[in-house]
Each structure stands twice: as C-alpha cells, then as structure tokens.
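Scroll down for the structure; my scribbles are underneath it.
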Amino acid sequence: MKRLILFCFLMIFAKQHTEAQNQYDQYPTYKGNDLGLTYTSQSSLFRIWSPPAAEVELRLYKQGTGGHVYRSLAMTKSQSGTWVAKVEENLKGVFYTIRTKINGKWNNEVTDPYARAVGINGQRAMVVDLKDTNPDGWNKDRSPDFSDKNLPTDAIIYELHIRDATIHPSSGVKQKGKFLGLAETGTQNTAGLSTGLDHIKELGVTHVHLLPFYDYNSVDETKTDQYNWGYDPVHYNVPEGSYSTNAADGLTRIRELKQMIQAFHKKGLRVVMDVVYNHTALTETSNFNQLVPGYYYRQKADGSFSDATACGNETASEREMFRKFMLESVLYWVKEYHIDGFRFDLMGVHDIKTMNLISDTLHKIKPDILLYGEGWTAGASPYPEEQRAVKKNAHLLKGIAVFSDDIRDGIKGSVFDIKDRGFATGKTSNAESVKFGIVASGKHVQIDMRKVNYSKEPYTSGPDNVITYAECHDNNILWDKIALSVPEASEADRKKMHELALTIVLTSQGIPFLHAGSEFLRSKFGEENSYNKGDSVNAIRWDQKTIHCELNHAVKKLIELRKSYSPLRMNTQKEVNSKLQFLQLLPDGVIAYIVKGRFHDSKFGEMLLLFNGSADSHTISVPNGIWIPLLQEDYLTTQKPLPNQIKVAPFSSLILIGK
Ligand code: CA
C-alpha cells in the first residue's frame with residue numbers, strides 16, 4: 001500500500017516535472033542583442049527576459065551598497081518574454097537591481113545577469129559608458145601574432161592565477177595581486193632575475209591562460225587578505241573586483257583589466273580567459289533563477305537541480321536563452337576586452353551544438369582564437385552524453401581542443417592516487433599512454449590502445465583538438481606529486497623526473513600547456529586542492545627561479561626548440577602518421593621516436609627523441625646516420641656526432657637531429 005502511494009506520488013511528481021520542462025520549451029525566446037542595459041548619455045534602456053513574470057520592477061540606487069532605492073520603475077511587458085524600462089536621462093554612475101513577481105510572489109531583488117559593471121561585491125549592477133573605461137591607446141591594441149600562421153598547435157599555454165603571480169614579496173611588483181601588478185615591467189626578484197610579465201615573456205610561451213577573472217563570489221572585495229581560484233561565477237560579463245585597486249568603482253576594475261591585457265599584447269603575449277559557464281555560485285537565489293525560476297539549469301527526474309559540476313547546479317546550455325547568453329558573453333569579452341582565447345571549465349557539461357556555435361561565431365571575428373576545455377564533468381548529468389562536449393566526442397568539436405588526461409597521468413601517475421607513479425617517475429608500464437599523447441590522442445598505427453590508461457579509442461580529429469599537459473591548478477602540482485609518489489628518490493633524481501615530464505609535454509604533438517612556476521619547481525607543499533588555501537600555499541616564490549635557474553633555462557630552450565622546429569607541432573593526423581615513427585624493440589621504460597622534417601636550413605632532415613623513464617641507463621640502437629644532440633650548450637661548436645648506440649641516462653631525455 002505504501003509502495004502504491006509512493007508510486008502515485010512519484011507519477012504525479014514526474015508529471016509535474018515534465019510539465020515544467022514543457023513550460024521551459026514553451027517560453028518565447030528573444031532574438032535581439034540588447035538584453036541588459038543599452039546606455040547613451042541621453043537615455044538608458046533596460047531589457048530583462050522573464051516570460052513567467054506578471055510584474056517586473058527596476059530599482060535605482062545612488063550607491064553600489066547600502067542606501068535606499070531612490071526610484072523604482074515598473075518595467076513594461078515587451079516582445080518575446082522581455083520586459084523593458086527606458087529612462088530618458090543620463091544615468092551614468094547609477095546602480096540598479098531588478099525583481100520579478102511570479103506566481104503572485106515577489107522574488108528576491110537581484111542583479112542583471114547581463115550586467116557589464118557592478119559595485120562592490122557585485123551587489124548591484126552599474127550604469128557605465130564603456131568608452132570611459134578604455135586606457136590610452138586601447139583603440140590601437142591588437143592581438144600579437146604568435147607564429148607565422150597563428151595555428152592552434154603553434155600555441156604554448158602558460159596557466160596562471162593573477163594573485164599568485166605577484167603577491168609574494170619576491171615578485172618585486174608594486175601592485176601585488178592586482179591586474180596592474182601583472183602589467184608591470186622591469187620587475188625583479190632579490191637576485192635581479194625577471195619576474196611577472198617580463199619572466200613570462202622571456203620564457204617564450206605564447207598564450208597566458210588566466211584563472212577566472214570574471215566577478216566571482218568567494219572573495220569579500222572589501223577585504224585584502226582573501227584568496228580563491230574563482231570557479232564560482234556571479235557576473236559573467238564583469239571583471240572580479242578584488243583584482244582591481246578600487247572594487248567599489250565599477251569603472252576601475254574594467255579599465256585596469258584592459259590595461260593588463262594591453263600590457264600582455266605589447267609584450268607579444270596573448271590572453272586566454274578561464275570561463276565557468278557550467279554552473280553558478282548560487283542556485284535558488286542566483287540572479288538567473290530569481291528572474292526565470294528553473295529555466296537556466298538542468299533538473300533531475302524528481303525536479304530537483306542536477307549537479308554534474310559538484311557545485312550545486314549545472315546550467316542548461318541546450319536551452320536557447322542560456323545558449324544565447326554564453327555566446328553573447330564570449331563575444332563581448334572578445335570585442336570589448338580583446339580576449340584571445342577561452343578555456344571552458346567542465347566543458348563536458350555543455351552540449352556540442354552550443355560549443356560549435358560558439359566556435360564558429362568566434363572564429364568568424366577572430367580566426368586565430370584559441371578554444372579548449374575540460375572534456376569531462378564532476379558528476380552525472382541528465383543530458384545525454386552523446387550530445388555533450390566530453391573528451392570521447394572531441395572529434396565532433398570544431399576548433400575546440402580538450403585536455404588529455406591520458407598523457408597527463410601517463411607522465412606522472414593518476415591524480416586520484418597520490419602514490420601512483422607515471423612514466424617519468426618510474427612506472428614504465430605507462431609508456432603506451434605517453435606514446436598515445438605524443439601522437440596527440442589520434443589514430444596512429446603504432447599505438448596499442450589496449451595498453452593506454454584511460455581511453456580505449458583515439459578521440460581527436462587532429463593535433464589541434466587536444467591539450468598536452470602534465471599538470472594544472474587542480475590536484476598536486478608536478479613537483480609535489482613527484483615527491484609524494486617517489487619519496488625515496490633523491491632530490492637530484494626528482495629534478496630529472498620533473499624535467500623529463502616537461503620535456504615530454506613540450507615536444508609532443510598537440511597544444512602544450514604548462515602550469516606557472518613549474519619551470520622553477522614551484523611547490524604547493526603537498527596541498528592538492530589549494531583553491532582557498534591562501535597566499536602562503538599558492539603564491540609563486542620568485543626566488544625559486546634563482547635556485548632552480550638551470551631548469552628554468554632548460555624549459556626556455558625546449559620552448560625555443562618547439563617554436564623553431566615545426567614538425568613538433570604538426571597540424572593533421574595524416575601528417576603525424578606519415579612523419580612520426582616510434583622505434584621498436586626498446587628496453588622497458590624507453591620511448592624513442594623519429595620525426596621527419598628539415599631542421600632550419602641545415603642538411604639535417606630528422607629529429608630523434610629518446611625518453612628514459614626508468615631508473616637504469618639504457619643503450620639504444622638507433623638508425624644509421626649522424627646524430628647531433630640538441631639542447632646541449634656546446635653542440636653548435638663541437639657538432640660531435642654520436643655513434644649508432646646511444647646511451648640514455650635514468651629519468652632523462654635526449655633530443656638529436658640527424659640525416
Ligand atoms: Ca567578486
């Protein structure tokens with residue numbers, strides 16, 4: 001009997017849920033491009049989309065926080081579920097909020113999701129004239145070329161958190177932890193070595209990927225000792241206040257972010273923005289949900305919020321008005337802030353159609369934009385996996401790359417098992433996973449997919465479809481992972497392992513990706529999830545660059561090599577198959593392969609790469625010919641050819657050119 005009641009209850013519940021879904025589908029979608037605020041000095045037009053609302057109220061304030069509403073206006077019902085209010089005066093500097101009356105009840109007063117400026121802690125949106133936010137010379141700001149053709153595989157990405165970059169005293173930066181701090185040049189550590197922006201430029205990377213800098217929730221902008229990575233979005237189209245010198249003034253954060261981007265562009269560096277459209281920091285009380293309850297999020301069968309992000313909700317990119325929101329948001333960042341690329345957090349939550357629409361639209365206005373994302377989720381999603389942008393569907397994405405966890409964990413061991421080792425730290429059985437990464441996770445006749453750690457089938461359409469990396473902000477940083485998984489190894493050996501790991505990343509096909517500070521053995525002291533662990537764990541200690549200058553130099557040389565030798569960054573899988581060949585019958589723990597292609601204008605037409613991930617030296621028989629080791633300072637003067645038996649030391653690599 002109880003079961004029957006429960007069954008009936010569930011049937012009613014399921015019916016209500018279906019009705020809710022149908023209701024969302026029946027909402028009219030608005031096609032115009034003027035959602036949010038349209039400002040001129042004569043008038044401000046506010047347009048909000050809320051089909052279920054019976055009334056909508058616009059509230060104006062003189063302040064970004066505190067004080068009282070000085071004027072409230074009833075918004076008028078307009079086309080396609082939108083509501084408008086036009087104020088025929090110059091509202092510059094005024095703050096505003098909105099509330100909707102739905103099912104006879106007034107919802108919370110919230111900000112405009114389309115807001116482009118906000119006051120402190122994003123409590124109220126702000127009316128601004130964006131022209132007032134442009135730094136000197138902004139109209140002449142251009143994205144620099146990063147190679148002859150600006151192809152995705154020519155990119156070398158450097159992942160950085162804005163505050164981490166400059167907050168430590170050793171950065172020598174004045175505006176520590178701020179947008180403007182990363183715009184400073186001529187900064188030095190205590191030994192006089194370059195830091196911050198100058199260091200990044202010297203290292204030679206092409207793209208700086210910055211952890212979230214839209215307005216996020218977790219940092220109180222009225223305080224200075226706060227820390228967070230920022231994966232908890234509130235205002236997608238507004239810069240985070242805590243990175244500005246005055247979070248209360250909506251203009252300052254915009255202008256200072258533009259100044260930082262301008263400084264990067266002047267240095268020849270491109271800027272990638274980390275975006276998190278997969279969830280919002282708040283769920284029930286988010287501005288989206290207060291304006292159109294339920295619509296912007298996916299639901300479970302019982303009608304509750306589904307949570308593929310493990311953050312309390314997951315957005316519904318397949319619903320037209322959120323798809324439109326995402327598209328307009330990225331377009332805005334490109335047009336207004338000259339952003340050069342996006343990294344999509346938990347991209348596996350989003351539907352493929354939306355991602356391809358974004359890619360097509362962005363490539364039309366910026367053909368060399370760089371797009372990539374995480375091809376996974378953090379939990380189960382009710383939306384069909386075949387239609388989501390997960391790693392195994394990477395080949396269905398056009399102009400968007402996915403991160404390869406196969407090579408990441410192949411190199412250093414599983415991120416979910418602290419003790420697990422990878423190829424570079426002595427687990428020789430991981431060789432095939434690394435080889436699969438070397439060929440950019442595409443189909444290659446010499447890869448035995450049965451031996452690859454995670455993927456059982458190739459998933460990419462070509463090398464520009466995958467990000468090759470060994471570490472990122474998530475999980476233990478490489479130097480800590482090595483220490484935790486190979487505790488018995490000497491520091492000298494661990495350094496070799498570290499260099500081997502970075503060497504594999506920077507020589508593999510695909511788009512290489514480095515985590516900031518790894519070039520001088522940055523540590524987070526064994527803290528594997530440092531998102532809120534403060535500066536003491538996260539700050540980049542620039543004096544480490546002095547201590548580990550040899551590794552820093554080696555990484556710089558590897559970057560130079562990659563940039564100068566185009567066969568390390570092929571563009572099609574066909575090319576990889578015809579020009580990249582692994583040597584066979586090698587000792588356990590050794591990977592060796594030849595890449596064909598002329599080295600500069602020399603007579604040398606091939607590169608031989610050998611990686612020894614084992615604790616033993618190995619002597620390898622290599623094809624007949626003359627082999628000259630690269631990346632050894634004296635090779636150009638000595639040009640001493642190596643015989644056809646080549647010895648590779650434990651946990652090390654050799655890169656040679658030959659003919
Ligand atoms: Ca904020």
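Quantify, in whole percent, the carbon and sulfur part of the accessible surface of the range 358-450 (1.4 Å probe; protein heavy atoms only). Could you put the intermediate results ahead of the total?
On the way: 1860 of 3450 Å².
In the range 358-450, the share of accessible area belonging to carbon and sulfur is 54 percent.
Would you mind putting 223-234, 491-502, 422-433, 525-536 in packing order, based on average other-beta-carbon counts within 10 Å, highest first?
Numbers: 223-234: 18.6, 491-502: 20.6, 422-433: 24.2, 525-536: 14.9.
Taking the mean over residues of other Cβ atoms within 10 Å, the ranking is 422-433, 491-502, 223-234, 525-536.
Which whole-number percentage describes the relative contact order of the range 216-315, with Cα contacts under 8 Å and a sequence gap of 6 or more?
On the way: 111 pairs, mean separation 20.6, N = 100.
Dividing the mean separation by the residue count of the range 216-315 yields 21 percent.
Going down the table (496/524; 201/495; 223/366; 366/392), which pairs top 29 Å between alpha carbons? Write out the running numbers ahead of the final one.
On the way: 496/524 19 Å; 201/495 24 Å; 223/366 38 Å; 366/392 27 Å.
Among 496/524; 201/495; 223/366; 366/392, the Cα-Cα distance tops 29 Å for 223/366.
What ranking do 66-78, 263-275 get when scored by the average of other Cβ atoms within 10 Å per residue, highest first?
263-275, 66-78
Would you mind giving the three semi-axes, in whole Å and largest first, of the ellipsoid equivalent to the range 341-497 according to its Cα gyration tensor? Walk me through the numbers on the way to the answer.
Numbers: eigenvalues 179, 54, 44 Å².
Taking √(5λ) for each Cα gyration eigenvalue gives 30, 16, 15 Å.
Taking only the Cα atoms of the chain, how large is their convex hull per residue, in Å³? Could the numbers behind the result be given before it?
On the way: hull volume 110.7 nm³, N = 659.
About 168 Å³ per residue, rounded to a whole number.
If you average the C-alpha positions of the range 238-305 and of the range 564-591 separately, how far apart do those two centres end up, in angstrom?
Centre-to-centre distance over Cα atoms comes out at 40 Å.
Distance between Cα centroids, the range 24-75 to the range 435-472: provide it in whole Å.
Each part's Cα centre sits 48 Å from the other's.
Sorted by mean Cβ packing within 10 Å, highest first, what order do the peptides 405-417, 443-455 take? Could the numbers behind the result be given before it?
Working: 405-417: 23.3, 443-455: 15.0.
Result, highest mean Cβ count within 10 Å first: 405-417, 443-455.
For each pair in 398/481; 427/481; 412/435; 364/557, compute the distance between the two Cα atoms and list the pairs where it is over 23 Å.
Working: 398/481 34 Å; 427/481 14 Å; 412/435 14 Å; 364/557 35 Å.
From the list (398/481; 427/481; 412/435; 364/557), the Cα-Cα distance tops 23 Å for 398/481; 364/557.
Please work out, to two decimal places, the log10 of the ratio I(q)/I(0) at q = 0.12, 0.14, 0.15, 0.21 Å⁻¹ from a Debye calculation in which every Cα of the range 262-403 carries one identical scatterer.
-0.47, -0.64, -0.72, -1.28
If Lys and Arg each add +1 and Asp and Glu each add -1, what is the summed charge of the other residues whose beta carbon sits under 13 Å from the beta carbon of residue 34?
Summing Lys and Arg as +1 and Asp and Glu as -1 gives +3.
For helix 352-365, report the angle its Cα long axis makes with the longest principal axis of the Cα atoms of the chain; keep it between 0 and 90° and round to the nearest 10°.
Approximately 80 degrees, to the nearest 10.
How many angstrom lie between the Cα centre of the range 346-401 and the Cα centre of the range 186-217?
With the range 346-401 and the range 186-217 each reduced to a Cα centre, they are spaced 28 Å.
Identify all lysines with a Cα-Cα distance to residue 31 below 17 Å; exclude those on the same chain that are fewer than 8 residues away in sequence.
Straight-distance partners of residue 31: 77, 324.
Under a Cβ-only charge scheme (Lys and Arg +1, Asp and Glu -1), can you give me the dipole magnitude of the chain about the Cα centre, in debye to the nearest 20?
On the way: 78 positive and 76 negative charges, 181 e Å.
That gives the chain a dipole magnitude of about 860 debye.
Can you give me the accessible area per residue for the chain, using a 1.4 Å probe, in Å²? Spell out each step's value before the answer.
Working: 25560 Å² over 659 residues.
Ligands and nucleic acids excluded, the figure is 39 Å² per residue.
Which is farthest toward the positive dipole end of the range 199-245 among 245, 228, 203, measuring Cα position about the Cα centre, with Cβ charges +1 (Lys, Arg) and -1 (Asp, Glu)?
Checked the options; the winner is 203.
Cβ under 11 Å from residue 179's Cβ, residue 179 left aside: what net charge do those residues give with Lys, Arg +1 and Asp, Glu -1? Kindly include the intermediate steps, with their values, before the conclusion.
Details: positive: 163, 178, 253, 255, 258; negative: 184, 240, 256.
Combined, the nearby Lys, Arg, Asp and Glu give +2.
Give, as a single signed number, the net charge of other residues whose beta carbon lies under 15 Å from the beta carbon of residue 146, with Lys and Arg counted +1 and Asp and Glu -1.
On the way: positive: 142, 149, 201, 266, 267, 270, 366, 562, 563, 569; negative: 145, 148, 154, 340, 368, 464, 560.
That works out to +3.
With all protein chains present, how much of the accessible area of the range 159-277 (probe radius 1.4 Å) comes from carbon and sulfur, to the nearest whole percent? Mind showing how you got there, number by number?
On the way: 1430 of 3190 Å².
Roughly 45 percent of what the probe reaches on the range 159-277 is carbon or sulfur.
The values are calculated or read from the model by the stated rules, or taken from the named source; none is laboratory data. Source: prediction; values computed, not measured. Please note: Cβ atoms are built from the backbone with ideal geometry, for glycine as well, and neighbour counts cover all protein chains shown. These accessible areas exclude ligands, DNA and RNA; they are computed on the full protein's heavy atoms, side chains included. Shrake-Rupley method; radii C 1.70, N 1.55, O 1.52, S 1.80 Å.
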